[in-house]
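The values are calculated or read from the model by the stated rules, or taken from the named source; none is laboratory data. In this text, all values refer to a predicted model and were calculated from it rather than measured experimentally. Note that we place each Cβ from the backbone using ideal geometry, even for glycine, and neighbour counts take in every protein chain shown.
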């Protein structure tokens, strides 16, 4: 991983910060991580973490709907 970060001229702390923006707190959650041509970070989560993320998204959507009602 360190070699790949060096190629992208990115520190590990910068990567962790980008992952936190995507609500990823642990490297174990990541199956694949890549930079897109426009500089955005794309992350494919491992399936077991996707379920949690989906449940969290549904919960947040319901909370937002309740606030808007």
Only one of (1) surrounded by 10 or more Cβ atoms within 10 Å (Cβ to Cβ); (2) at pLDDT 85 or above does not apply to residue 65, and that is (1)
Among the residues of segment 10-30, count how many are farther than 20 Å from residue 46 by Cβ and surrounded by 14 or more Cβ atoms within 10 Å (Cβ to Cβ).
-> 1
For segment 16-30 the number of residues that are within 9 Å of the chain's Cα centre (by Cα) and part of a helix (DSSP H, G or I) is 5
Going by the structure shown, is residue 42 part of a helix (DSSP H, G or I), surrounded by 10 or more Cβ atoms within 10 Å (Cβ to Cβ) and free of Cβ contacts under 8 Å to residues at least 24 places away in the same chain?
-> no
